[in-house]
1. Is there a residue in the stretch 163-173 that is of a type in the set (Asp, Glu), under 19 Å from residue 50 (Cβ atoms) and either more than 20 Å from the chain's Cα centre (by Cα) or at pLDDT 95 or above (or both)?
2. Considering the stretch 75-104 alone, what residues qualify as being within 22 Å of residue 155 (Cα to Cα) and in a loop (DSSP other than H, G, I, E, B)?
3. Answer yes or no as to whether residue 180 is touching a residue at least 24 places away in the same chain (Cβ under 8 Å) and in contact with a Pro (Cβ under 9 Å, 6 or more places away or on another chain).
4. Six or more apart or on different chains, Cβ atoms under 7 Å: show the pairs whose first residue is in the stretch 118-133 and within 19 Å of residue 82 (Cα to Cα) and whose second is part of a loop (DSSP other than H, G, I, E, B) and of a type outside the set (S, T, N, Q).
Amino acid sequence: MNRKILLLLCLLTLLSVNVFAKDGEQTDDYLGVTAYSPGEQIFSLNAGAIIPLFTIATAAPDGTDIINPLISTNLGIVGGLKWGSFIADNFYLGIDLTGMFTSSSTRTLSMIPISFTTGYYFIAWPFEFPIYLNTGFSFNTLGDYFTITPCIRPGLGAYWNITEEWAVGLNAEYWFIPEIYFSGNYVEQSLIANFLQISLTGVFHF
């Protein structure tokens, strides 16, 4: 009888260890250092505010200010779409389309950057912290003036996964918009415009 009880206890112990091991594996995978694998994709929608900061005059004449605050430009609005595909664990490449609009007392400024984007996700489930870089070209209109310039927009985010497919959170991006002239009468008007974007974001994982 004692042997049967001992054998039963041993079997129960082995089953318990096996179950807890499986649960531990699932938990580790759920918390996962690696949340995204190659082939997985994301699609995000964001909307928020764009804050005009200042311009840097790259060829300012002697006696003039190099840094000029954009105090006459109002707080603007911004929105965008982003798609990305993971090519390595937590590392993605994709495309970003964003638009911003702001105004001063006399003119309206709009910028529509189309960018290549790359980023990496740091995971602490249920939270995600992506860092990314958008680089491309921006189609700009200021009153009747139109130009196409490079754009560089590093950013970071903090998201909360409300389900395994959907996450919501905040993004912060810094916009560098260089408008540089190398010859002609506009050389002294060369500048780099600086903006800060703060936006709400929804992300769909698939």
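1. Here is the first cut: in the stretch 163-173, the residues of a type in the set (Asp, Glu) are 164-165, 173.
Next, from what is left, pick out any that are under 19 Å from residue 50 (Cβ atoms): 173.
Next, from what is left, pick out any that are either more than 20 Å from the chain's Cα centre (by Cα) or at pLDDT 95 or above (or both): 173.
Yes, some residue in the stretch 163-173 is of a type in the set (Asp, Glu), under 19 Å from residue 50 (Cβ atoms) and either more than 20 Å from the chain's Cα centre (by Cα) or at pLDDT 95 or above (or both).
2. First pass over the stretch 75-104, keeping only residues within 22 Å of residue 155 (Cα to Cα): 75-102.
Residues satisfying the conditions are 75, 89, 90.
3. Numbers: touching a residue at least 24 places away in the same chain (Cβ under 8 Å): yes; in contact with a Pro (Cβ under 9 Å, 6 or more places away or on another chain): yes.
Yes.
4. Partner pairs satisfying both residue conditions: 121/35; 121/36.
The values are calculated or read from the model by the stated rules, or taken from the named source; none is laboratory data. All values reported here derive from a predicted model rather than from experimental measurement. Here Cβ is always computed from backbone atoms with ideal geometry, including for glycine, and neighbour counts include all displayed protein chains.
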